[in-house]
Amino acid sequence: MKAIKYLVIGAMIGISAPSMAQDVDYGTALAPVTQALKSKAANAGDLAKSYIKEFKKNPEAIIALGNSYLAVKDLVKADEMAELALTRTKKDLKNQANAYILKGDIEAVKDESGNGGGAASHYATAMSLDPKNPMGYTRYASVYRKINPKLVEETYNKLKAEIPDYPIEAEAGHSFFSANKFDLAFSNYSKCNIQSLDEGKMVEYLISAIQLRKYAEALNIANTGSNKFAENATFKQLGLWSAVETEKYDEAISIAEKYMQMKGDKNATDYTYYGKALLGAKKFQEAIAQFEKAMEVDNKAVEPLAKISEAYTGLNNPDKALEYSELYMQKNPNATPSDYAKMAQIYVEKKDFSKALGIYDKMAEKFPQIAGWTYMIASSVADKSGNPELGAAYNQKIIDLLGNKADRDEDETGYLKQALRLIGYYYWSEKNDLEKAKPYYEMLIKIDPNDGNAKAALGIE
């Protein structure tokens, strides 16, 4: 479908040609022609000729046949029908507009580059011929939805001026959603009466909220959608995700119980979120069962391993927590600083301080942007292990790293002050060596002239 740039095939087919009362209903006559074209029947051409002969004076019927040709991507025949219709319209501006919409749709399908110039020109002509026809505006907007959001907005405002009751916000939301511009889609959908949205647009509204991580709004949309379209599992699926992200674990569990009973396969993410809901509610064993299901569905899933580790921590089983944490770290090349810190904390709880500090050393190397924070935590762990000398060594690393850093931020300045304060105290109190402590306090007083420890050590009133 790479050539179908502007959503003109499928949902749009047939809309360009409104029904018209005839002695013979052209819609009924067109049905076998359309089927023959779709199936590439040998008699498709003959059926089309007979149809044209019967309805040659009816531009609506001709445009309808053009849309049938467009649906099977016979663009030459589709354009022939558009041109034929134009010769039959004369002063019929409404059908002239529909013919130009068809020509625009043809150009949209032909367009491989996505600039849409040819299509836009035809849609603009349709807009000028029949300002009350919303399709010219919506098609024109669809051309520019990716490249010129401001023009899209202006186009829908023109439509609103012509047809005040037209649901432009919903149409704009749909247009921007189709262009993956979720911020603009959400903004427009949020202006709508949510109860007025059809099922497809409500799903788009929900997905837009999820994409923007507006989970509180997403949960509200999901609940509304679930009540209105009870058979659509998407609302419960994304409602579950949103409830977890907003830490409404009991509600998430309630949603999950209903969602899991619905027809259709469940993916690893679904089971993971169910597990997260149970984990948040401190139902640790039940959570583990869901995380294990997630890995059964997708043996490459790594997040469940981390979550199982958390569940075992909740069960006061550090050995199992460590087992799954190590598995997670082995299988996840994209482990975050938080992942490393959680694993280190398990070692701390097991009083294996050496391994915990090894992880912090690895963190500082792997994530140099947070090395100051990492060494600060490591210093605390070293002190907890009963090795103040090692704690002082980590504080020295902070000073070496941040002491002369020109672009030091507020957090880093805080780490530096704490390191200077602690290492000064170490030499003054632990080693009884005020002279060795003084350079550190002097550096500290320059950063924070009001520091009480530094002032006391330096004899400053």
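The set of residues in the range 259-285 being in contact with a Gly (Cβ under 8 Å, 6 or more places away or on another chain) and charged (D, E, K, R) consists of 282 alone.
Check 383, 407 and return the single one that is without any contact (Cβ under 8 Å) to a residue 12 or more places away in the chain, buried (at least 16 other Cβ atoms within 10 Å of the Cβ) and not aliphatic (A, V, I, L, M). From the options 383, 407, the qualifying one is 383.
For residue 252, the requirement of being surrounded by 17 or more Cβ atoms within 10 Å (Cβ to Cβ) and not assigned by TED's automatic domain parsing to the domain that holds residue 238 is not met. Candidates are the residues of the range 197-243 that are hydroxyl-bearing (Ser, Thr, Tyr) and under 13 Å from residue 186 (Cβ atoms); the one that is nearest to the chain's Cα centre (by Cα) is 208.
Residue by residue, here is whether (1) closer than 30 Å to residue 340 by Cα; (2) of a type in the set (Val, Ile, Thr) holds:
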| residue | (1), (2) |
| --- | --- |
| 366 | yes, no |
| 381 | yes, yes |
| 386 | yes, no |
| 442 | no, no |
| 457 | no, no |
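For the range 30-77, residues that are over 19 Å from residue 109 (Cα atoms) and either in a loop (DSSP other than H, G, I, E, B) or not hydroxyl-bearing (Ser, Thr, Tyr) (or both) total 27.
Could you check how many residues of the range 166-190 are more than 16 Å from residue 135 (Cβ to Cβ) and either in contact (Cβ under 8 Å) with a residue 60 or more places away in the chain or assigned to a loop (DSSP other than H, G, I, E, B) (or both)? So that I can check it myself, show each step before the final result.
Filtering the range 166-190 down to residues more than 16 Å from residue 135 (Cβ to Cβ) leaves 169, 173, 176-177, 179-190.
After this cut, where a residue has to be either in contact (Cβ under 8 Å) with a residue 60 or more places away in the chain or assigned to a loop (DSSP other than H, G, I, E, B) (or both) as well, the list is 179-181, 190.
Number satisfying all stated conditions: 4.
Just give me the residues in the range 179-196 being surrounded by 16 or more Cβ atoms within 10 Å (Cβ to Cβ) and closer than 14 Å to residue 149 by Cα, in sequence order. Steps first, answer last, please.
Let us first name the residues in the range 179-196 that are surrounded by 16 or more Cβ atoms within 10 Å (Cβ to Cβ), namely 179, 181-182, 184-190, 192.
Matches in the range 179-196: 179, 181, 182, 184, 185, 186, 187, 188.
When residues of the range 201-248 are filtered for being outside any helix (DSSP H, G or I) and crowded, with 20+ Cβ neighbours inside 10 Å, how many remain?
Our first condition is that a residue be outside any helix (DSSP H, G or I); within the range 201-248, this holds for 212-214, 229-232, 246-248.
With crowded, with 20+ Cβ neighbours inside 10 Å added as a condition, the list becomes none.
Going through the range 201-248 one residue at a time, the tally reaches 0.
Restricting the range 345-371 to residues that are touching a residue at least 24 places away in the same chain (Cβ under 8 Å), farther than 20 Å from residue 385 by Cα and not basic (Lys, Arg) leaves a set whose member that is surrounded by the most Cβ atoms within 10 Å (Cβ to Cβ) is 371.
The values are calculated or read from the model by the stated rules, or taken from the named source; none is laboratory data. These figures come from a predicted structure and were not determined experimentally. Note: ideal-geometry Cβ built from the backbone for every residue, glycine included; neighbour counts use all protein chains shown.
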